[in-house]
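Following: one structure in structure tokens, then a few remarks.
The values are calculated or read from the model by the stated rules, or taken from the named source; none is laboratory data. Quick caveat, the model's predicted, so the values are computed rather than measured. Positions of Cβ are backbone-derived with ideal geometry, glycine not excepted, and every protein chain shown enters the neighbour counts.
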Amino acid sequence: MAERLQKLIAQAGLASRREAETWIVKGKVLLNGHLAKLGDRADLAIDQVQIDGKTLTTAQEKVTILLNKPRGYVSTLKDPEGRRLVTDLVADIPQRLFPVGRLDYNTEGLLLLTNDGELAQQVSHPSHQVEKTYLVKVRGLLSAKMVKRLEQGLILEDGKTAAAKVEKIRTTGSSCWFELTIHEGRNRQVRRMCEALGLTVVRLKRIRLDFLDLRDVATGRYRHLMSSEIEKLRKDK
């Protein structure tokens, strides 16, 4: 049965549907020797699909893991600066995994890696509004007025943020710890929200994604998601 190319690529565990669409637009995908275009369909039993010269085969075993990312790693599959990759931490897994969303170089904590493009799309697409909770340490004090601004949304250079939740505020000297929950996924969003309040982020760690947390997963280690957890992630969307 013929399926859209981006769906086939996602099912093969190479990328999310959105990234697969980008590959098609950039001319990385050939269908039966010709440049593919968005909307093309293929049946791998009779059609040849190539990505950067490599032939697409049927789907491999689906694997999804929860990694406790340390600082000092990038959440990409390659880095022009030669920095360490999060995939280096899961090199013992035979399947080719990719990160679901990103945590920047100096941010630590919960990051999913998978070869299930459909699941990645469900978790990362903004329309699904998956909650992400961060433990934030800032230099400076978080006032009641600042909390209200976070909860009502801040104006950033790429538009107003959605309402956030602020909990468990704790002051230590000239610094402050708090938990911040958002459901957007803009680039460096938490850091930019704090900067908009005149606060400097000293430490940033994602501690929850939807119902998942870092319980029993040490920094730099990972665990496989159980089938019941994967099913719940799908149902919650």
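Would a scan of the range 180-200 turn up a residue that is surrounded by 12 or more Cβ atoms within 10 Å (Cβ to Cβ), modelled with pLDDT of 95 or more, under 19 Å from the mean Cα position of the chain (by Cα) and part of a loop (DSSP other than H, G, I, E, B)?
No, because not a single residue in the range 180-200 is surrounded by 12 or more Cβ atoms within 10 Å (Cβ to Cβ), modelled with pLDDT of 95 or more, under 19 Å from the mean Cα position of the chain (by Cα) and part of a loop (DSSP other than H, G, I, E, B).
Among the residues of the range 23-60, write down those that are assigned to a strand (DSSP E or B) and not hydrophobic (A, V, I, L, M, F, W, C). Break it down into steps so the answer makes sense when it comes.
Filtering the range 23-60 down to residues assigned to a strand (DSSP E or B) leaves 29-31, 34-35, 41-42, 49-51, 54-55.
34, 41, 50, 54, 55 - these are the residues of the range 23-60 that are assigned to a strand (DSSP E or B) and not hydrophobic (A, V, I, L, M, F, W, C).
Take the range 132-146 and flag every residue that is hydroxyl-bearing (Ser, Thr, Tyr) and more than 29 Å from the chain's Cα centre (by Cα).
The answer is 143, and nothing else.
Among the residues of the range 95-141, what is the count of those that are acidic (Asp, Glu) and in contact with a strand residue (DSSP E or B) (Cβ under 7 Å, 6 or more places away or on another chain)? I'd like the intermediate steps shown before the answer.
First pass over the range 95-141, keeping only residues acidic (Asp, Glu): 104, 108, 116, 118, 131.
Cutting the leftovers down to in contact with a strand residue (DSSP E or B) (Cβ under 7 Å, 6 or more places away or on another chain) gives us 108, 116, 131.
Matching residues across the range 95-141 total 3.
For the range 61-91, give me the residue count where each residue is farther than 20 Å from residue 13 by Cα, touching a residue at least 12 places away in the same chain (Cβ under 8 Å) and assigned to a loop (DSSP other than H, G, I, E, B).
Residues meeting the conditions: 6.
For residues that are modelled with pLDDT of 95 or more, outside any strand (DSSP E or B) and crowded, with 18+ Cβ neighbours inside 10 Å, tally how many sit in the range 211-237.
2
In the range 119-137, which residues are modelled with pLDDT under 85 and either acidic (Asp, Glu) or assigned to a helix (DSSP H, G or I) (or both)?
Kept after step one, since they are modelled with pLDDT under 85, are these residues of the range 119-137: 125-128.
Once the filter is applied, which keeps residues that are modelled with pLDDT under 85 and either acidic (Asp, Glu) or assigned to a helix (DSSP H, G or I) (or both), the range 119-137 yields 126, 127, 128.
Right, residue 169: in the same structural domain as residue 111 (by TED's automatic domain parsing) and of a type in the set (Val, Ile, Thr) or not?
Details: in the same structural domain as residue 111 (by TED's automatic domain parsing): no; of a type in the set (Val, Ile, Thr): yes.
Spelling it out, it is not the case that residue 169 is in the same structural domain as residue 111 (by TED's automatic domain parsing) and of a type in the set (Val, Ile, Thr).
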